[in-house]
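The values are calculated or read from the model by the stated rules, or taken from the named source; none is laboratory data. From a predicted model like this one, the values you see are computed outputs, not experimental measurements. Methodologically, a virtual Cβ is constructed for each residue, glycine included, from the backbone with ideal geometry; neighbour enumeration extends over all protein chains shown. These accessible areas exclude ligands, DNA and RNA; they are computed on the full protein's heavy atoms, side chains included. Shrake-Rupley method; radii C 1.70, N 1.55, O 1.52, S 1.80 Å.
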Amino acid sequence: MKIAFTTQGTTWNSAMDPRFGRTEFLLMYDEEKDELTHYDNRDTAKDAHGAGPKTAQKLFELNPEVLITGNGPGGNAAAVLEKTGIKIIVGATDMTAQEAYDKYKKGEL
Amino acid sequence: MKIAIASGKGGTGKTTLSSNLASYLAEHREVVLTDMDVEEPNSGLFIQADLKHEEDKFKMVPQWVEDKCTLCGICQKVCNFHAVIQLGTMIMVLPELCHGCYACSELCPESALPMIPKKMGKLIEFRSDNLHFIESRLDIGEEQAVPLIRQTRNYIDKTFPDEVIKIYDAPPGTSCPVIEVTKDADFVILITEPTPFGFHDLKLAVETMRKLDKSFGVVINRDGIGNNDVMDYSEAEKIPLLAKIPNDRIIAEFYSKGQLIYKEVPAFRHELDGIIAYIKTLKDLKQ
Amino acid sequence: MKEIVVISGKGGTGKTSLTASFAYLGGEDVIVADCDVDAADMHLLLEPDFEEKEDFYSGELAYIKQDQCIRCGKCAKVCRYDAILTIHNVFTVDSLSCEGCGYCARICPTNAIINRKPIAGTWYISNIKTGSIMVHAKLGIGADNSGKLVAKVKAEAKEIAEDEFKDYVIVDGSPGIGCPVVSSLSGASFVVIVTEPSVSGLHDLKRVYELIQKFKIKAGCLINKSDINPKLTEEIETFLRIENIEHIANLPYDEDFTKAMTNGQTIVEYSNGHLKEMIDKSWNKIKQLVTNN
């Protein structure tokens, strides 16, 4: 299974970014391959409006099954994500990506 | 004659002044009061009138026609607002983000994105004797106030003759929606409080009105609190000071209950008389 | 590090005065972010020194290069905002009407139109009298407050807080329920709603809470001027109970709010009495709520 995280860095030790649309990175973990990759999303800082849908579109292309993030995505981003069928897990704030992953696996998120 | 009532910051008494001024004027003549704060209209909380007319307001947004689409991706590339998104074999339109520029629709080589009307809000018209009250309200999630304000202005121009006094209650701030409201006003009343916050935001509002080349005056609300900076500034800048509404807890209490104040507080009514007298001199000047 | 965002649907509820008071009470532990950029007033109370400044560019604006323009008028035909002006057959862009869609530039046959990023305002990093730092901004006229500017101000404040191991970022949030307030709320640990017992206060409280719920952020509420209308205060309290919003405190209608402001002071500096005590208590309660969250 492929899992996406909104993070402030590119490693397991990176802090989670509670934001969705303007998250700094999308960290991708492929469980089968045990492979960690990332997408640099800092470009959204240039957009006055519509950062949410743009990030959602990118996420769709990255094609994870699950997204783990902090706050819930805003209205427009949520509308796009709904169409992608990606399962959204919120509430992963004040922790690292590793901690968020462990919590998710234990069903604590 | 069109009078817009605006202010730099929120909570300075815009709605109090516009609803009271309109109701007071309507005791002797026909008046249209319009709440142009389409994101958070609440003048209606102070006006008791009968529903006369109601209409949905629309904006034009693209609609994806799947059969015609070749998924070339031009539409999403030309949209500067991220309102058109391509998800694999699907094109998704986010109407709330769309500015109705038509670029995606007209630049689509297959005509697969025709523009269709989408409801963005509602205009409601009430009437109580001489007072017409119009409120436009954006639907939740809609972000662009300007198109609805523009349509509301058009509705008023079409429905009411020139000689009827029109009062616009503007949204707070100095951004695009305020500019759209004050654009065709004959006179703008800037209401402020004589406090450092009020003064700071008044200066921004004055700068905006000067840039738009508007004729305007200042009303001080809650006179007696704060300091003399607003008064000194108005004098130095030769901005007419139309009224000073006294600071009185009783006014805040009537306001909190949604009651008209001029009926209860003579000092308040006296200040409205001053504003009306000034407006009348403007009219004479025009004729 | 925790991020506390203070908002109120409508203006004039005392939000900025209270936010500045909390910043003062928090002293060196609190980095301040003024995201109410439409009416950025916090600097009037916290004595910033405007140490660092940077221009802020936002959106796009069409610009016609006259030497390449062949006056074909195609731009004016496609523009839905009547932003292309023709005076004596010279085409120019009305910057207050242009929405920056970029359509004209795309169809111009001689590529005479370019999109420029206009300066929307300036943002600052300042040392303030609390011994801490504030990030704030000033918008240009007719420039729209945007999610982008709010995100920028907040991101700077957070970075400073993390670098300097501060406990809190306190954000004076944007008004309304649009994109800027969405951006103010995004990433928050806790939201403080300041409201007042007036018909419009309650109305706007409900609208703004709808938005907070979407983000699943814990919220608390301060009812200011609560004695102005006891009946409505009660109604607000009931609403808070039903929605499970923490009721932080009721504050009285007190002209010390204005007097402090006129002195360029926060309320807790100006007032020694009961009001200061209540704001003190509110701040402690907020800190407790944020930590237990």
What are the pairs with Cβ atoms under 7 angstrom where one residue, in segment C:19-38, is more than 14 Å from every other protein chain (Cβ to nearest Cβ) and closer than 13 Å to C:Asn127 by Cα and the other, located anywhere, is of a type in the set (Gly, Ala, Ser) and in a helix (DSSP H, G or I)? Sequence gap at least six, or different chains. C:Val30/C:Ala23; C:Ile31/C:Ala157; C:Ile31/C:Ala161; C:Val32/C:Ala23; C:Ala33/C:Ala157
For segment B:135-148, pairs from a residue that is within 23 Å of B:Ala49 (Cα to Cα) to a residue that is surrounded by fewer than 22 Cβ atoms within 10 Å (Cβ to Cβ) and of a type in the set (Phe, Trp, Tyr), with Cβ under 9 Å and 6 or more apart or across chains, are B:Glu135/B:Phe126; B:Ser136/B:Tyr155
Being in a loop (DSSP other than H, G, I, E, B) and crowded, with 20+ Cβ neighbours inside 10 Å is the filter here; which residues of segment C:103-147 pass it? C:Cys108, C:Ala112, C:Ile128, C:Thr130, C:Ser132, C:Ala143, C:Asp144, C:Asn145, C:Ser146
Looking at segment B:1-51 only, could you name the residues that are at pLDDT 95 or above and of a type in the set (Phe, Trp, Tyr)? B:Tyr24
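Counting residues that are open to solvent by 50 Å² or more (accessible area, probe 1.4 Å), under 30 Å from B:Gln259 (Cβ atoms) and touching a residue at least 60 places away in the same chain (Cβ under 8 Å), which strands (runs of 3 or more DSSP E) fully inside segment B:1-109 reach at least 2?
Counting at least 2 such residues, we get B:50-62.
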Filter result (open to solvent by less than 20 Å² (accessible area, probe 1.4 Å) and not small (Gly, Ala, Ser)) within segment B:194-213: B:Pro194, B:Thr195, B:Phe197, B:Asp201, B:Leu202, B:Val206, B:Thr208, B:Met209
If a residue must be within 14 Å of chain B (Cβ to nearest Cβ) and in contact with a Gly (Cβ under 8 Å, 6 or more places away or on another chain), how many such residues does segment C:213-250 contain? 5
Can A:Thr93 be described as modelled with pLDDT of 90 or more and touching a Gly at 6+ places or on another chain (Cβ under 6 Å)? no
Being touching a residue at least 12 places away in the same chain (Cβ under 8 Å), of a type outside the set (A, V, I, L, M, F, W, C) and within 25 Å of B:Ile225 (Cα to Cα) is the filter here; which residues of segment C:234-258 pass it? C:Asn250, C:Pro252, C:Tyr253, C:Asp254, C:Asp256
Is it the case that C:Glu162 is of a type outside the set (Gly, Ala, Ser), within 14 Å of chain B (Cβ to nearest Cβ) and open to solvent by 20 Å² or more (accessible area, probe 1.4 Å)? no
Scope segment C:157-198; condition of a type in the set (A, V, I, L, M, F, W, C) and at pLDDT below 85; matching residues: C:Ile177, C:Cys179, C:Val181, C:Val182
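Of all residues in segment C:263-272, how many are in a loop (DSSP other than H, G, I, E, B) and either without any contact (Cβ under 8 Å) to a residue 12 or more places away in the chain or within 25 Å of the chain's Cα centre (by Cα) (or both)?
Selection size over segment C:263-272: 5.
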I'm trying to understand the selection: among the residues of segment A:36-59, which are modelled with pLDDT under 95 and open to solvent by 40 Å² or more (accessible area, probe 1.4 Å)? A:Arg42, A:Asp43, A:Ala45, A:Lys46, A:His49, A:Lys54, A:Lys58
Taking B:Tyr255 as the residue in question, decide whether it is outside any strand (DSSP E or B), crowded, with 18+ Cβ neighbours inside 10 Å and in contact with a Lys or Arg (Cβ under 6 Å, 6 or more places away or on another chain). no
One residue from B:Ile156, B:Ile167 being surrounded by fewer than 23 Cβ atoms within 10 Å (Cβ to Cβ) and closer than 24 Å to B:His28 by Cα: B:Ile156
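Considering each of C:Thr13, C:Thr86, C:Thr92 in turn, give the residue that is more than 10 Å from chain B (Cβ to nearest Cβ), among the β-branched types (Val, Ile, Thr) and surrounded by 15 or more Cβ atoms within 10 Å (Cβ to Cβ).
Working: C:Thr13 fails: more than 10 Å from chain B (Cβ to nearest Cβ); C:Thr86 fails: surrounded by 15 or more Cβ atoms within 10 Å (Cβ to Cβ).
Selected residue: C:Thr92, the only one of C:Thr13, C:Thr86, C:Thr92 that is more than 10 Å from chain B (Cβ to nearest Cβ), among the β-branched types (Val, Ile, Thr) and surrounded by 15 or more Cβ atoms within 10 Å (Cβ to Cβ).
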Given the residues C:Thr19, C:Thr13, which is the only one that is closer than 21 Å to C:Ile217 by Cβ, in a loop (DSSP other than H, G, I, E, B) and not charged (D, E, K, R)? C:Thr13
